[in-house]
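Colleague: Could you have a look at this structure, given as structure tokens, before my questions?
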Amino acid sequence: MLSAISMLVFQQKVMFMKEFFGILQNCPLFSGVDAAEAQAMLGCLNARKVEADKDTYIFREGDPADFVGVVLSGAVRVVRTDFYGNQSILGQVEPGGVFGEAFSCAGVETMPVSAFALKGSKILWLDCKRMLTVCSNACQFHNRMVANLLQAVARKNLALSRKI
């Protein structure tokens, strides 16, 4: 029999999946993943949902680079600020989009860029180290997740190359 706390956690996970699975299906990291796998992945990847008000920084340059963000709702702008305070827009991420993955996968210690919410936003944080390391449960989705992550990083690299 489930305890009251376990039941509450279970209900929250079910509500989360109902609310955001459609967004996750459009996220490149969750390509080819069904609802049951996605739910298992979120637990394994130490996923947590955070909310950010409009114009609130999600992370700033110098913050630890140990996560991958998925926009669940709202929009996020990624910027680089130069020595004089001028900002260059590196990208805008809409629901289903991923950000921070290149830096966390590259193993840099701190973020060289900042990101803020363009409007009220919900963000899903995924622990990059857990994404790249096969867990003790030997989850079947880990290989798919790594392949999806590699493909997402490669596509962004190509897009940036085309911009240059």
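The values are calculated or read from the model by the stated rules, or taken from the named source; none is laboratory data. Because the structure is a prediction, the values reported are computed rather than measured. Here the Cβ is made from the backbone with ideal geometry for all residues, glycine too, and neighbour counts use every protein chain on show. Ligands, DNA and RNA are excluded from the accessible area calculation, which covers all protein heavy atoms including side chains. Shrake-Rupley method; radii C 1.70, N 1.55, O 1.52, S 1.80 Å.
Colleague: As an exercise: evaluate GLY22 against (1) touching a residue at least 24 places away in the same chain (Cβ under 8 Å); (2) part of a helix (DSSP H, G or I) and give the number of the one condition it does not meet.
Modeller: (1)
Colleague: Only residues that are free of Cβ contacts under 8 Å to residues at least 24 places away in the same chain, in a loop (DSSP other than H, G, I, E, B) and closer than 22 Å to SER73 by Cα: list them for the range 88-147, please.
Modeller: Result: GLU94, single match.
Colleague: Select from the range 105-120 the residues that are open to solvent by less than 10 Å² (accessible area, probe 1.4 Å) and under 13 Å from the mean Cα position of the chain (by Cα) and list them in ascending order.
Modeller: ALA115
Colleague: Continuing with the same structure: Examine the range 36-44 for a residue that is touching a Gly at 6+ places or on another chain (Cβ under 7 Å), of a type outside the set (Gly, Ala, Ser) and outside any loop (DSSP other than H, G, I, E, B), and state whether such a residue exists.
Modeller: For the range 36-44, residues touching a Gly at 6+ places or on another chain (Cβ under 7 Å), of a type outside the set (Gly, Ala, Ser) and outside any loop (DSSP other than H, G, I, E, B): absent.
Colleague: Would you point out which residue out of ASP55, ASP66, ASP127, ASP82 is among the charged types (D, E, K, R) and open to solvent by less than 50 Å² (accessible area, probe 1.4 Å)?
Modeller: The unique qualifying residue is ASP127.
Colleague: Test VAL134 against the criterion of being surrounded by fewer than 18 Cβ atoms within 10 Å (Cβ to Cβ), in contact with a helix residue (DSSP H, G or I) (Cβ under 6 Å, 6 or more places away or on another chain) and closer than 20 Å to LEU149 by Cα, and give yes or no.
Modeller: yes
Colleague: Now, a different point. Please state which one of VAL71, VAL76 is crowded, with 20+ Cβ neighbours inside 10 Å and within 11 Å of the chain's Cα centre (by Cα).
Modeller: VAL71
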